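The values are calculated or read from the model by the stated rules, or taken from the named source; none is laboratory data. Predicted model only: the values in this text are computed from it and were never measured. We place every Cβ from the backbone using ideal geometry, glycine too, and count neighbours over all the protein chains shown. SASA here: full protein model, heavy atoms, side chains in, ligands and nucleic acids out. Shrake-Rupley method; radii C 1.70, N 1.55, O 1.52, S 1.80 Å.
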Protein chains: 2
Amino acid sequence: MGAKTMAKDVKYTTWVENEVGIQGVAGSLDGELAVTVSSPLKPVAGTNPEQLIGLSLATCLNATLQAEEKRHGLLHESVVRVKVEFGPDEPGYQFWLTAYVKIPQVDRATGAAMLATAEQRCPVAKLLAGSANVQVQLVDEFPEAEA
Amino acid sequence: MGAKTMAKDVKYTTWVENEVGIQGVAGSLDGELAVTVSSPLKPVAGTNPEQLIGLSLATCLNATLQAEEKRHGLLHESVVRVKVEFGPDEPGYQFWLTAYVKIPQVDRATGAAMLATAEQRCPVAKLLAGSANVQVQLVDEFPEAEA
């Protein structure tokens, strides 16, 4: 959307690479991110694309909420927890992402307004906005993190 | 798309959380992913949502290509390098993602067909498919990774 209405004004560029496929070490070319990845369906230690995209959304959305808190003169208390599920699709596979958001220091209406603003400003929320598999919910408590 | 035509059949569930906002440690509740995040615009060590979503796409797409290589009886040689750019949007900010893909052991037509299949099967590529800010390109060589 922005790409159509604004000139592209790049403030930061970073590069990441995966050479190994599903098992091994991958990360950013600047060395700031280096992780072992593995299949979530095998008993091998490591993270995976599910956790990486979930944490990207959680961090981007919570950083954006932190800016909204500051704009409202509030201390930072928001927390974003994301559930990522994996399963078959036709063809291939699919993820489902549900972001649960707590903004405990404000009433529900204020929290809902802050979250709506954050969703409209957060780059990762925007990238995922076209998918029916992605949801964002304001909650008082997180659901049980069952496996 | 799949959500509309298939019953949801979850094979793996994971949870991630960001409590700190833009600066601090965040990760998965199972402990497999734990990283320090920081603002890409500040001289503070750490990764960020840009690198996390880029590596999620790079890993998912390359793991899917690895399966395609296996289906073709080929050894795994594909590499996915993703450039992530950050800049202003109206409102807020936006990312641009460009995935550069090398499949060096096959001719260009075969590589293009394998990549097209992988894009249709990879969950992260599907989540991002609705965004005009995301592109995937088959290349013989990666572009210079300038900052």
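Things worth noting here:
- Residues within the stretch B:27-62 that are within 21 Å of A:F95 (Cα to Cα), in contact with a helix residue (DSSP H, G or I) (Cβ under 9 Å, 6 or more places away or on another chain), among the hydrophobic types (A, V, I, L, M, F, W, C) and not assigned by TED's automatic domain parsing to the domain that holds B:Q94, tallied: 1
- Within the stretch A:8-48, being small (G, A, S) and touching a residue at least 12 places away in the same chain (Cβ under 8 Å) holds for A:G24, A:S28, A:S38, A:S39, A:G46.
- Contact map, the stretch A:74-92: first residue facing another protein chain (nearest Cβ under 7 Å), second residue in a loop (DSSP other than H, G, I, E, B) and open to solvent by less than 30 Å² (accessible area, probe 1.4 Å), Cβ cut-off under 7 Å, separation 6 or more or different chains; pairs are A:H76/B:G21; A:G92/B:C122.
- Of all residues making up the stretch A:23-67, the number that are among the β-branched types (V, I, T) and open to solvent by less than 50 Å² (accessible area, probe 1.4 Å): 6
- Of all residues in the stretch A:74-123 being open to solvent by less than 20 Å² (accessible area, probe 1.4 Å) and part of a helix (DSSP H, G or I), the one that is nearest to B:N48 (Cα to Cα): A:P123
- Taken across the stretch A:43-50, residues that are more than 18 Å from the chain's Cα centre (by Cα) and of a type in the set (S, T, N, Q) do not occur at all.
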